[in-house]
Amino acid sequence: MTPSKLMNASEPLLVLDRVFAGYGKMTVFAGYGKMTILNGTTARVRRGAITTVIGPNGAGKSTMFKAIFGLLPVRSGTVAVDGRNVTNFSPRQLLDLGVVYIPQGRNIFPELSVRHNLELGGVASSDRAGLAGRLDAIMQRFAMLSDKADAQASTLSGGQQKILEVARGLLLDPKLILIDEPSIGLSPLMVQEVLAILKDLRDNGVTVLLIEQNAKQALQISDDGLVLEQGQTRIEDTAPNILADPRIAQLFLGGGLAAPEHV
Ligand SMILES: Nc1ncnc2c1ncn2[C@@H]1O[C@H](COP(=O)(O)OP(=O)(O)OP(=O)(O)O)[C@@H](O)[C@H]1O
Ligand SMILES: [Mg+2]
């Protein structure tokens with residue numbers, strides 16, 4: 001039976017159902033033992049929304065993204081995109097389905113020009129025909145990138161490099177962007193700018209799943225939030241509800257206890 005378009009529209013774009021994953025190999029004696037990082041993680045990520053994942057260091061946030069994107073084997077449970085089971089699909093297959101992953105840190109080719117970096121984003125595209133048009137549109141949308149198109153990418157500031165990464169991902173015309181701590185090391189102004197870009201993408205129909213240490217700021221531009229602890233989903237709610245939850249304020253939003261600085 002094919003679900004109707006209407007059902008599809010209200011169905012979450014990304015669903016994690018009791019996902020277990022970790023880094024070690026299974027041993028006869030200890031099973032997966034302590035190496036299981038995701039311990040039954042669940043999520044229902046709404047279509048066309050920004051969802052921010054928060055949780056303490058080591059909770060498994062980045063691991064969750066790697067498991068979704070096929071960089072780490074899912075040992076049990078399922079990952080579904082658009083109602084389709086994509087568990088243990090390769091990154092390449094996920095890109096083809098419109099899922100883009102932007103890891104933490106710097107992921108550009110510093111020696112190459114800005115334009116060349118952008119063009120490399122298109123290498124993974126199976127829609128070669130539309131590529132030139134999308135590159136033009138991206139250059140128009142991000143004036144900074146077009147101003148610096150011929151400059152070596154290493155000359156961009158950290159924030160500009162992050163924008164370049166996002167723009168490169170857009171060449172694939174994604175429906176879902178997984179973005180891990182984009183604001184690390186950026187100036188407050190650049191943090192605002194990167195978050196504004198994500199908001200703008202959301203307003204254009206892209207679904208964004210974001211990990212952010214600047215939890216409060218991120219939740220303020222988000223629709224939904226997810227709290228992960230020890231590889232388990234503790235809370236999934238709207239961002240306003242999470243912002244208003246005193247337990248969360250205490251633990252993650254700098255309320256009450258002094259929040260440790262994360263570098
Ligand atoms: N490549 C790896 N090999 C083995 N263990 C790893 C690897 N990457 C992460 N881990 C472990 O998995 C656990 C979860 O790490 P993960 O990076 O997913 O946490 P996180 O929630 O993203 O934390 P942070 O807020 O510090 O980024 C940690 O205990 C970490 O040491
Ligand atoms: Mg992380």
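Observations on the model:
- Failed item in (1) exposed (fewer than 14 other Cβ atoms within 10 Å of the Cβ); (2) at pLDDT below 95, with Q93 passing the rest: (2)
- Going through (1) more than 15 Å from ligand 1 (Cβ to nearest atom); (2) surrounded by 19 or more Cβ atoms within 10 Å (Cβ to Cβ); (3) at pLDDT below 95 one by one, G22 falls short only on (1).
- Hits in the stretch 213-226 - residues which are within 21 Å of F20 (Cα to Cα) and either of a type in the set (K, R) or at pLDDT below 95 (or both): none
- Checking L72 against (1) touching a residue at least 24 places away in the same chain (Cβ under 8 Å); (2) surrounded by fewer than 21 Cβ atoms within 10 Å (Cβ to Cβ); (3) away from ligand 1 (no atom under 16 Å from the Cβ), the condition it does not meet: (3)
- Test: residue in the stretch 191-204 that is assigned to a strand (DSSP E or B) and touching a Lys or Arg at 6+ places or on another chain (Cβ under 6 Å): no
- Applying the criterion of being hydroxyl-bearing (S, T, Y) and at pLDDT below 95 to the residues of the stretch 106-141, the residue that is nearest to P174 (Cα to Cα) is S125.
- Residue selected from the stretch 166-176 under the condition under 23 Å from L226 (Cβ atoms) and not in a helix (DSSP H, G or I), by the criterion farthest from ligand 1 (Cβ to nearest atom): K175
- Residue satisfying condition, being within 16 Å of ligand 1 (Cβ to nearest atom) and in a strand (DSSP E or B), within set I184, I179: I179
- Meets criteria (under 23 Å from L201 (Cα atoms), among the polar types (S, T, N, Q) and under 15 Å from the mean Cα position of the chain (by Cα)) for S125: no
- Residue that is farthest from G48 (Cα to Cα) [pool: residues in the stretch 92-111 that are more than 16 Å from ligand 1 (Cβ to nearest atom) and out of contact with any helix residue (DSSP H, G or I) (no Cβ under 6 Å at 6 or more places or on another chain)]: E111
- Some residue of the stretch 144-164 being over 27 Å from D245 (Cα atoms), of a type in the set (D, E, K, R), surrounded by fewer than 21 Cβ atoms within 10 Å (Cβ to Cβ) and touching a Lys or Arg at 6+ places or on another chain (Cβ under 8 Å): yes
- Residue pairs whose Cβ atoms lie under 6 Å apart, separated by 6 or more positions or on different chains, with the first residue in the stretch 209-234 and within 11 Å of ligand 1 (Cβ to nearest atom) and the second hydrophobic (A, V, I, L, M, F, W, C) and part of a loop (DSSP other than H, G, I, E, B), are A215/L253; L228/A59; E229/A59.
The values are calculated or read from the model by the stated rules, or taken from the named source; none is laboratory data. A quick note: this is a predicted structure, and the numbers were derived from the prediction, not measured. Glycine gets a Cβ as well: all are built from the backbone with ideal geometry, and neighbour counts include every protein chain shown.
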